[in-house]
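First the structure, in the form of structure tokens, and then the observations on it.
The values are calculated or read from the model by the stated rules, or taken from the named source; none is laboratory data. These numbers come from a predicted model, not from an experiment. Note that we place each Cβ from the backbone using ideal geometry, even for glycine, and neighbour counts take in every protein chain shown. Remember, those area values only see protein heavy atoms, side chains included, never the ligands or the DNA or RNA. Shrake-Rupley method; radii C 1.70, N 1.55, O 1.52, S 1.80 Å.
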Amino acid sequence: MSKRAIITGCAGFIGYHLAKKLLDLDNSIIGIDNMSNGRQSFVDELKRSPNFEFWEQDVYKINTIEFPFPCHKIDAVFHLAANSQINNPDPQIEIKDTFCTTYELLRFCRKNEIKEFVFASSGAIYGEAYLTEIAYVKENYGPLLPISHYGAAKLASEAFISSFASYYDIKAFICRLPNVIGSHATHGVILDFINKIKQNPKELEVLGDGSQTKPYMHVSDVVDAMVFIWQNAKEKVNYYNLAGKSTSSVKNIAVMVISAMRTNTSIRYTGGDRGWQGDSPRYYPSKAKLENLGWHTEKTSDQAVLTAIQEIIKENE
């Protein structure tokens, strides 16, 4: 059954792909983006669908400015708008762009009786769980002690989503995303490496020692899993790690990028076990809960990385 949904951050990397996915499934979409980091080309393409409407606005102001579309028939909100520069050391940016956008959107849902809230959270909420967790980090791992302001803002958002779900009969779907990669990327390690090699084909600077290891998931799988969770999870508050098969190291990603670009670029590591303060150098999320719900991917992390490298190189030729 088709529904009418809001997508915040629709002009960003994941939001654009999610909007396309939901439109392909015959849903009607209201996209919201302040265009601080969004791409106009994404909006222009989405506008080709008669079922897409766009509002250029800051989400944290959604309750202070008259909403330009009828609210009484909105079924769900997909909340992706957040600060995308997760290594930013200023906590005020995360409070405003990552937490307050969630809080104000929850207030909007309560006021307008929107009963489904899908949230793009992050594995950053787990902090350095790899130091104490014996195997893969499960969704019920605790205590949750994020080491970045971004992770803290996502965790605070999850807490308020839970309380709003309890008080106001909102069904919540919390999707804890890994590193998301793929076509039309606007940021991330692969795009960063490609741009660096274009500027200096002789040497690629890699932050840290290259041993940082995490799951990388293609954006097509990410949006597919998010929609699957929305359509199939049954609890009042549903929370899932999103992860494919295996992990990839930064060193291997750098080698794959150099090979795909067919250069003789040398790699220079800046040293240390992480790229920046607040970066967790290891992340191994359990995917068992999502697989038990009925969703899985055959792609390994390295396969997703190689696909994304090929897509991004082709787009930037």
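Annotations
- Among the DSSP helices (H) of the chain, those spanning at least 27 angstrom by Cα along their long axis with an average Kyte-Doolittle hydropathy of 0.0 or more are 149-168; this is a geometric and hydropathy rule only.
- Checking every one of the GluC sites (Glu not before Pro) in region 187-274 against DSSP loop status and a limit of 13 other Cβ atoms within 10 Å picks out GLU235.
- Considering only LEU207, ASN195, ASN179, and ranking their Cα positions along the charge dipole of region 175-220 that arises from unit charges at the beta-carbon of Lys, Arg, Asp and Glu, the one farthest toward the positive end is ASN179.
- Helical runs (DSSP H, four residues minimum) scored at -39500 (n - 2.57) apiece and divided by the length of the chain put the mean residue ellipticity at 222 nm at -11000 deg cm²/dmol.
- Checking the cross-link pairs LYS154/LYS299; LYS3/LYS96; LYS47/LYS111; LYS20/LYS202 against a 31 Å limit on the alpha carbon distance flags LYS20/LYS202 as lying beyond it.
- Note on exposure: LYS202, LYS251 ranked by accessible area (1.4 Å probe, complete protein assembly) read LYS202, LYS251, with the most exposed listed first.
- Pairwise FRET efficiency - SER166 versus MET261, Cβ, R0 = 45 Å, nearest 0.05: 0.35
- Label point at GLU139 placed 7 Å out along Cα→Cβ; residues across region 172-191 whose backbone nitrogen lies under 19 Å: 172-179
- Among [x] 20.0; [y] 21.6; [z] 21.0, the entry that matches Kirkwood radius over Cα pairs in Å as calculated here: [x]
- Here the accessible area is traced with a 1.4 Å probe on the protein chains. For region 83-190, carbon and sulfur cover 54 percent of it.
- Approximating the spin labels as points 7 Å out from Cα along Cα→Cβ, the ASP75-to-ASN232 distance works out to 1.8 nm.
- ILE6 accessible area, assembled protein chains, probe 1.4 Å, Å²: 0 Å²
- Sorting 259-270, 47-58 by average packing, meaning the other beta carbons within 10 Å per residue, from highest down gives 47-58, 259-270.
- Relative contact order (percent, whole number), the chain, Cα cutoff 8 Å, 6+ residue spacing: 18 percent
- Ordering MET256, MET226 by accessible surface, largest first, gives MET256, MET226; the 1.4 Å probe counts only protein heavy atoms, with every chain in place.
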